[in-house]
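The values are calculated or read from the model by the stated rules, or taken from the named source; none is laboratory data. Given the structure is predicted, the values throughout are model-derived calculations rather than measurements. Here the Cβ positions follow ideal geometry from the backbone for every residue, glycine too, while neighbour counts run over all protein chains shown. Just so you know, the surface numbers come from the protein's heavy atoms only, side chains and all, with ligands and any DNA or RNA stripped out. Shrake-Rupley method; radii C 1.70, N 1.55, O 1.52, S 1.80 Å.
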Amino acid sequence: MSIQKLIFIILVGILSFTGFSATKLYDVAMSYERYSAGLETKSITLDFGEIVYAENDVKSDVTLVLVHGFGGNKDTWNWVVPAWNEKYHIIVIDMPGHGDSVSKKTLSYTMTDQAERLHTFLEAKNIKQLYLFGHSMGGAITVRYALNHSENVNALILIDSMGMVQTKSDGVKLVERSEKNPLYDVCTRERLETLLNYSMYKPPYIPDIVKDALLQQKCSRRDLEKVMYEDMYKDVNVSAEAKNIDIPTLILWGEKDRMTHVDDAALFHKTIKGSKMVILKEIGHVPILEDPEQTADEVDKFIKQIDK
């Protein structure tokens, strides 16, 4: 266990005796994680609304832009960022509909629209020549962005990405047989545990009070996430786009992924010419939480290869 994770657990334990609500405690803990990762929370208002993001103050020729998955947010990356903090300039974004960014049911949340909002954000920040990371849903967004704006992207890093299906995953089968969608209709502890167990093969320790906050947050977002989920599946398939990607691409995947089957990694690898594929043993859908050290190491090796 890393020092950061240990301090996080101790902090939560101390704060749980202060009378903080679960939500307030969660907010304080996430703020601490961002601070310890060297990230400062910022915001920018664009034509479609406010974007909240986190950024470090490192001056580097290499900028990493990290895009989370469905139902995630900028804090999904908190445990992996410290390994990169002193080497690279890092921007972690809350995509519209997620985290603290604009979240209206009236917005369209298709992958095409989200990719163009990402472009608007990066243009406003004047970020060029970036290394673009996409986890899960973020992978489908970044593939679309990379195809349309390839001049801005040095490399693409896809982590357990949505967008191409070789083999139906356990998660998809679970959705098909469930009366209520277990990916966004999460209003009981049992349904939260199911979501966590399908998401991660080696889930990190999460204190009960943090789970309470996650449950409250997830349940309060149920109607919005239903809209986002339905929009996402209008154009989540990026098979056609992936065939035309011609930039260095790392495909990083958890061997035990139950949400996007590991066979899908091979399909991405076959489709994106010249791509590199790395399968992480005994890891599920969220390597950035399950084994941030190994995830960071594989990315570092990939970036060094490109920069030779």
Within region 267-294, restricting to residues that are crowded, with 21+ Cβ neighbours inside 10 Å and aliphatic (A, V, I, L, M), the one that is nearest to Y201 (Cα to Cα) is I283
Note: among D297, D246, D264, just one is acidic (D, E) and buried (at least 19 other Cβ atoms within 10 Å of the Cβ), namely D264
Among K226, K173, K211, the single one that is of a type in the set (K, R) and either modelled with pLDDT under 95 or in contact with a Cys (Cβ under 7 Å, 6 or more places away or on another chain) (or both) is K211
Of L196, L224, the only residue that is out of contact with any Gly (no Cβ under 7 Å at 6 or more places or on another chain) and of a type in the set (A, V, I, L, M, F, W, C) is L196
For this session: Please work out if F48 is modelled with pLDDT under 80, at negative phi and surrounded by fewer than 19 Cβ atoms within 10 Å (Cβ to Cβ).
Result: no
Filter region 42-85 for residues that are free of Cβ contacts under 8 Å to residues at least 40 places away in the same chain and not charged (D, E, K, R); the one that is nearest to L215 (Cα to Cα) is N73
Residue match in region 269-283 (condition: in a loop (DSSP other than H, G, I, E, B), of a type outside the set (F, W, Y), in contact with a strand residue (DSSP E or B) (Cβ under 6 Å, 6 or more places away or on another chain) and under 21 Å from F70 (Cβ atoms)): yes
Those residues of region 129-163 which are in contact with a Phe, Trp or Tyr (Cβ under 6 Å, 6 or more places away or on another chain), open to solvent by less than 10 Å² (accessible area, probe 1.4 Å) and closer than 14 Å to P248 by Cβ amount to A155, I157
The condition of being farther than 27 Å from Y198 by Cα, under 16 Å from the mean Cα position of the chain (by Cα), crowded, with 17+ Cβ neighbours inside 10 Å and free of Cβ contacts under 8 Å to residues at least 60 places away in the same chain holds, among L118, L107, L122, only for L118
Within region 66-104, the residues that are open to solvent by 10 Å² or more (accessible area, probe 1.4 Å), of a type in the set (D, E, K, R) and under 15 Å from the mean Cα position of the chain (by Cα) are D75, D100
Of those in region 165-216 that are touching a Ser or Thr at 6+ places or on another chain (Cβ under 7 Å) and in a helix (DSSP H, G or I), the residue most open to solvent (accessible area, probe 1.4 Å) is Q216
